[in-house]
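> One structure, pasted below without further comment.
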Amino acid sequence: MEFGLSSEQSLLQDSVTRYLSEQLPLDEVRKVASGDVNDAAVWQGLADLGIPGLLVSEANGGLGLGSLDAAVVSEALGYHVTPSPFLSSAVIAPVALQTAGRCEDLLGSVATGELRIGAALAEGIGARADAGLTANGNTLNGKSLFVLDVDADQYLVATSDRKLYLVAADAAGLSRSPLSTIEKTRSTCELNFSNVDATLVSEDPGVFDKTWDAALVAVAADTLGTAQSALDQAVVYAMQREQFNRVIASFQAVKHMCAEMAAELEPCRAMVWYAAHALDEIPEEATMMACHTKAHLSEVGQFVTRTSTEVHGGMGFTDLVGLHYWFKRAGFNRQILGSPELLRERALSVTTLAA
Amino acid sequence: MDLSFGPEYEEFRTEVQQFIAEHGSKSPRQGGARDKEAIAWQKVLIEHGYAARTIPKEYGGFGAEPDIIKSRIIAEEFSKNQINTGLGGQGISMLVPVLLEMGTEEQKQEFIRPTIHGEMIWCQGYSEPGAGSDLASLSTKAELDGDEWVVNGQKIWTSTAHLADWIFCLVRTEPEAPKHQGISFLLFRMDTPGIEVRPLVDMTGDANFNETFFTDVRVPKHQIVGQRGQGWQVANAILGHERGSLAPPDAAQTRLNGVRKLMETETVGGEKLIDNPVYRDRLMKLQGRVLAMKCNDIRLLSARINKTQDAKLAGMIVKLQGTELRHELEALAIDVMGEIGLAYGDNPYLRGNGSWQYQYMYYLGLIIGGGTSQIQKNIISERGLGMPKEPKIEKKA
Ligand SMILES: Cc1cc2nc3c(=O)[nH]c(=O)nc-3n(C[C@H](O)[C@H](O)[C@H](O)COP(=O)(O)OP(=O)(O)OC[C@H]3O[C@@H](n4cnc5c(N)ncnc54)[C@H](O)[C@@H]3O)c2cc1C
């Protein structure tokens with residue numbers, strides 16, 4: 001019995017972490033956030049490590065690794081508030097296409113990072129009055145909001161009855177416009193469909209659900225990293241900042257804020273591991289764990305990033321230390337792919353009373 | 001990542017299941033100190049290696065090699081089948097481990113066998129009116145007079161002192177030494193002349209703990225564990241045992257299932273409570289927290305088996321998170337019952353024997369006892385996160 005990361009998984013996480021701490025200091029994140037550059041350079045760097053092809057099977061040209069590997073990478077990306085299309089192109093798209101067994105020929109270039117597939121799942125999760133997407137045969141009309149990745153070459157698109165389609169970004173009748181959000185490290189857009197020819201990926205809601213579950217765990221892992229960094233930054237700052245002739249880390253009010261963050265966050269690590277493991281190995285618990293883990297991490301991520309901001313005092317509220325990037329990253333992760341309330345509702349619907 | 005225990009352990013699991021099939025019907029539903037059925041059951045458990053499992057045979061135990069996974073399997077199977085896991089109490093859970101580690105051969109021979117068989121009940125005399133969180137400042141003193149310690153002072157919050165045969169007690173024996181080095185760990189009979197026990201009623205309405213007064217209580221000199229002045233180290237070895245075990249996540253899951261069952265059966269205005277989205281979300285929110293603690297627990301188990309895994313912080317947060325979570329869980333059950341949540345005692349509308357109300361209060365006690373939540377946060381921030389202690393304030397002369 002061994003519950004934890006394998007040495008390969010630790011090495012994988014270390015190599016991503018090393019790359020990000022060397023190549024992605026906060027100044028680089030700021031450049032992407034301010035719109036000076038996009039995330040292409042970072043994605044290329046991650047592609048050199050094989051990250052886009054993590055979940056792509058070896059037969060399809062990827063590394064053929066598992067959900068826990070994706071989770072440890074996702075955690076590292078969150079820790080460094082990394083701008084990248086990891087969630088959509090490296091998790092959502094490969095899981096959907098491979099589960100459906102459709103369009104897998106695209107995955108070779110997904111794995112190299114040359115092809116980016118964005119994800120428009122919002123209609124399948126909670127259709128909003130502002131949007132609305134209908135499929136007539138393989139022709140799509142309407143729109144989807146908060147689509148992940150404004151720079152994608154293709155989009156995986158869900159309808160409200162959880163069918164999945166693939167469309168090219170430059171397909172006739174498709175228009176794309178960026179949507180500003182509070183989170184600048186990852187992009188979202190709106191897709192408008194006017195008689196767009198799409199390729200059917202799956203009519204089976206089970207494929208959508210499996211894709212959704214994988215995405216939820218990846219987002220939860222991203223939040224784990226985001227929150228861990230926020231806590232680490234709070235402790236470091238508290239040990240340096242002096243007031244009343246003492247480092248503020250010696251004030252019990254400050255220590256208790258940090259202890260509460262640690263107490264909430266530490267069990268989350270095991271929870272993310274377990275949820276990722278369940279995706280691959282414990283199918284009967286996978287959906288329940290994915291929902292609870294994303295919901296719980298959303299709550300803890302919110303608490304930790306706000307508390308860390310408080311520990312930083314006025315400095316935490318400024319753009320100078322940049323802590324707000326972590327605050328907003330946790331916020332973005334909380335809202336996308338299902339709010340905590342919606343996910344807890346889904347978790348209840350898939351569980352019967354345990355013995 | 002490997003969550004299986006392996007085939008050799010599945011054989012052991014079958015053994016445990018066979019035991020349960022054969023003897024499970026004799027398992028008493030409850031039963032505290034001195035309950036005949038509970039004592040008989042304890043004997044059966046020890047004989048088969050399901051209680052006092054790793055305590056050597058010569059001291060009355062089963063004498064098995066420590067095996068974390070086997071212990072886990074026993075716990076899992078007993079819990080799944082709702083089988084009584086045997087006697088508890090501070091003697092078994094706290095004193096016996098300490099005697100095994102620090103006791104003399106005579107002490108092990110004399111105390112362990114009757115304690116684990118439920119024939120010798122103990123209480124823990126640590127806290128005093130002036131020494132709670134700051135336990136090391138305790139002032140009950142013991143002075144050597146010939147071959148006897150003479151104990152004077154007062155303890156408080158002494159759980160089960162009114163039932164106990166013996167007490168393990170922290171006393172100050174070296175008044176000149178620094179406070180952590182002047183304490184000794186004594187064992188003595190509760191019927192020794194000079195001991196007075198006054199029950200303290202707690203918020204549940206029961207008198208589970210007491211004030212305990214000592215006036216010239218004479219204790220044979222050899223009834224000390226460890227050396228003179230070493231009592232603090234001895235006591236800390238026990239506190240480690242206590243903290244992790246106060247709020248296990250599996251018990252929290254069982255209680256949570258209970259709340260869910262309650263919500264699936266109770267109706268208000270004809271509507272099942274589980275169909276009320278507000279209550280339902282509160283239930284699921286707690287389910288998420290229980291799951292996080294269950295996963296944390298698996299990680300801790302794994303770290304005990306695989307010594308290279310680091311789970312120090314994961315262990316440090318268990319008492320704080322576990323007791324707070326449990327308290328909130330019981331609170332939800334009370335909330336969903338509305339005014340029936342107020343019912344107590346002989347109220348005919350009581351649900352679940354009033355256990356929700358009782359445990360709601362009981363767990364507030366556990367949030368305070370065994371190191372308060374604030375003390376836990378001090379420990380987490382100082383030993384877990386490396387933050388400094390607050391500066392000391394000089395006492396005014
Ligand atoms: C149900 C129950 C059973 C018990 N059973 C036993 C028993 O069998 N034997 C026994 O010896 N004792 C027992 N105790 C006593 C228990 O260990 C103490 O109550 C506990 O350690 C707290 O001490 P105190 O009550 O003196 O509170 P205090 O130490 O006076 O604490 C009061 C408040 O001050 C806070 N505080 C104190 N110091 C600090 C600090 N350094 N930093 C921040 N906050 C601080 C506390 O967190 C608390 O909120 C029991 C207690 C309970 C509730």
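The values are calculated or read from the model by the stated rules, or taken from the named source; none is laboratory data. On a predicted model such as this, the values are computed, not experimentally measured, just so you know. Positions of Cβ are generated from backbone atoms using ideal geometry, with glycine treated the same way; all protein chains shown enter the neighbour counts.
> Suppose we filter B:TYR358, B:TYR349 for residues that are assigned by TED's automatic domain parsing to the domain that holds B:ALA252, out of contact with any strand residue (DSSP E or B) (no Cβ under 9 Å at 6 or more places or on another chain) and in a helix (DSSP H, G or I); which single one remains? Spell out the reasoning first.
Values: B:TYR349 fails: in a helix (DSSP H, G or I).
Residue meeting the stated conditions: B:TYR358.
> Please verify whether the stretch B:150-164 includes one or more residues that are farther than 19 Å from B:TRP122 by Cβ, away from the ligand (no atom under 16 Å from the Cβ), touching a strand residue (DSSP E or B) at 6+ places or on another chain (Cβ under 7 Å) and part of a strand (DSSP E or B).
Yes: one or more hits.
> So is A:ALA347 facing chain B (nearest Cβ under 7 Å) and surrounded by 21 or more Cβ atoms within 10 Å (Cβ to Cβ) or not? Can you show your working first?
Working: facing chain B (nearest Cβ under 7 Å): yes; surrounded by 21 or more Cβ atoms within 10 Å (Cβ to Cβ): yes.
Judged against the criteria, A:ALA347 is a match.
> Next question, about the same structure. Based on what the data block shows, is A:VAL196 hydrophobic (A, V, I, L, M, F, W, C), touching a helix residue (DSSP H, G or I) at 6+ places or on another chain (Cβ under 8 Å) and not in a loop (DSSP other than H, G, I, E, B)?
Values: hydrophobic (A, V, I, L, M, F, W, C): yes; touching a helix residue (DSSP H, G or I) at 6+ places or on another chain (Cβ under 8 Å): no; not in a loop (DSSP other than H, G, I, E, B): yes.
Here the answer is no, as A:VAL196 does not meet what is asked.
> On to the next question. Given (1) buried (at least 17 other Cβ atoms within 10 Å of the Cβ); (2) part of a helix (DSSP H, G or I), where does A:ASP27 come up short, assuming only one miss?
The single condition A:ASP27 does not satisfy is (1).
> Applying the selection to the stretch B:20-51, what residues are of a type outside the set (Gly, Ala, Ser) and either touching a Pro at 6+ places or on another chain (Cβ under 6 Å) or not in a helix (DSSP H, G or I) (or both)? Steps first, answer last, please.
Here is the first cut: in the stretch B:20-51, the residues of a type outside the set (Gly, Ala, Ser) are B:20, B:22-23, B:26, B:28-30, B:34-37, B:39, B:41-48, B:50.
Within the stretch B:20-51, B:PRO28, B:ARG29, B:GLN30, B:ARG34, B:ASP35, B:GLU37, B:TRP41, B:TYR50 meet the criteria.
> Now for a different question. Can you find a residue that is of a type outside the set (S, T, N, Q), more than 13 Å from chain A (Cβ to nearest Cβ), within 16 Å of the ligand (Cβ to nearest atom) and in contact with a Phe, Trp or Tyr (Cβ under 8 Å, 6 or more places away or on another chain) anywhere in the stretch B:377-394?
The initial filter retains those residues of the stretch B:377-394 that are of a type outside the set (S, T, N, Q), namely B:377, B:379-380, B:382-394.
Add one more test, that the residue is more than 13 Å from chain A (Cβ to nearest Cβ), and what stays is B:394.
From what's left, within 16 Å of the ligand (Cβ to nearest atom): none.
Within the stretch B:377-394 (the criterion being of a type outside the set (S, T, N, Q), more than 13 Å from chain A (Cβ to nearest Cβ), within 16 Å of the ligand (Cβ to nearest atom) and in contact with a Phe, Trp or Tyr (Cβ under 8 Å, 6 or more places away or on another chain)), the answer is no, since none of the residues qualifies.
> Can B:THR140 be described as in contact with an Asp or Glu (Cβ under 8 Å, 6 or more places away or on another chain) and away from the ligand (no atom under 13 Å from the Cβ)?
On the way: in contact with an Asp or Glu (Cβ under 8 Å, 6 or more places away or on another chain): yes; away from the ligand (no atom under 13 Å from the Cβ): no.
For B:THR140, the condition - in contact with an Asp or Glu (Cβ under 8 Å, 6 or more places away or on another chain) and away from the ligand (no atom under 13 Å from the Cβ) - is not met.
> Which is within 14 Å of the ligand (Cβ to nearest atom) and either without any contact (Cβ under 8 Å) to a residue 60 or more places away in the chain or of a type in the set (Lys, Arg) (or both), of B:GLY91, B:GLY125, B:GLY130, B:GLY63? Working first, answer last.
Working: B:GLY91 fails: either without any contact (Cβ under 8 Å) to a residue 60 or more places away in the chain or of a type in the set (Lys, Arg) (or both); B:GLY125 fails: either without any contact (Cβ under 8 Å) to a residue 60 or more places away in the chain or of a type in the set (Lys, Arg) (or both); B:GLY63 fails: within 14 Å of the ligand (Cβ to nearest atom).
Only one candidate qualifies: B:GLY130.
> From the list B:LEU320, B:LEU325, B:LEU332, which residue is within 16 Å of the ligand (Cβ to nearest atom) and in contact with a helix residue (DSSP H, G or I) (Cβ under 7 Å, 6 or more places away or on another chain)? First the steps, then the outcome.
Working: B:LEU325 fails: within 16 Å of the ligand (Cβ to nearest atom); B:LEU332 fails: within 16 Å of the ligand (Cβ to nearest atom).
Unique residue meeting the criteria: B:LEU320.
> Continuing with the same structure: Evaluate the stretch B:236-254: report whether one residue or more is at pLDDT below 95, closer than 30 Å to B:LEU332 by Cβ, more than 16 Å from the ligand (Cβ to nearest atom) and among the β-branched types (Val, Ile, Thr).
Checked against the condition, which is being at pLDDT below 95, closer than 30 Å to B:LEU332 by Cβ, more than 16 Å from the ligand (Cβ to nearest atom) and among the β-branched types (Val, Ile, Thr), the stretch B:236-254 yields at least one hit.
> Next up: Of the conditions (1) facing chain B (nearest Cβ under 8 Å); (2) under 19 Å from A:SER74 (Cα atoms), A:ALA278 satisfies every one except a single condition; which number is it?
All conditions pass for A:ALA278, except number (1).
> May I pose another question? What residue, among those in the stretch B:361-376 that are part of a helix (DSSP H, G or I) and within 14 Å of chain A (Cβ to nearest Cβ), is surrounded by the most Cβ atoms within 10 Å (Cβ to Cβ)? First the steps, then the outcome.
Step one: filter the stretch B:361-376 for residues part of a helix (DSSP H, G or I), giving B:361-368, B:373-376.
Now narrow it down to the ones that are within 14 Å of chain A (Cβ to nearest Cβ): B:367, B:373-376.
Values: B:ILE367: 21, B:SER373: 18, B:GLN374: 15, B:ILE375: 17, B:GLN376: 24.
Result: B:GLN376.
> Given the conditions (1) touching a residue at least 40 places away in the same chain (Cβ under 8 Å); (2) outside any loop (DSSP other than H, G, I, E, B); (3) more than 14 Å from every other protein chain (Cβ to nearest Cβ), report the number of the one that A:LEU12 does not fulfil.
With respect to (1) touching a residue at least 40 places away in the same chain (Cβ under 8 Å); (2) outside any loop (DSSP other than H, G, I, E, B); (3) more than 14 Å from every other protein chain (Cβ to nearest Cβ), A:LEU12 is out only on (3).
> If I filter the stretch B:192-208 for residues that are under 25 Å from B:ILE375 (Cα atoms), more than 14 Å from chain A (Cβ to nearest Cβ) and either in a strand (DSSP E or B) or away from the ligand (no atom under 16 Å from the Cβ) (or both), do I get at least one hit?
yes
> With respect to A:LEU11, determine if the residue is of a type outside the set (Val, Ile, Thr) and under 19 Å from the mean Cα position of the chain (by Cα).
Values: of a type outside the set (Val, Ile, Thr): yes; under 19 Å from the mean Cα position of the chain (by Cα): no.
No.
Condition check ((1) surrounded by fewer than 16 Cβ atoms within 10 Å (Cβ to Cβ); (2) assigned by TED's automatic domain parsing to the domain that holds B:VAL217; (3) closer than 14 Å to B:ARG218 by Cα) across all residues:
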| residue | (1), (2), (3) |
| --- | --- |
| B:VAL150 | no, yes, yes |
| B:TRP157 | no, yes, no |
| B:THR160 | no, yes, no |
| B:PHE185 | no, yes, no |
| B:MET203 | yes, yes, no |
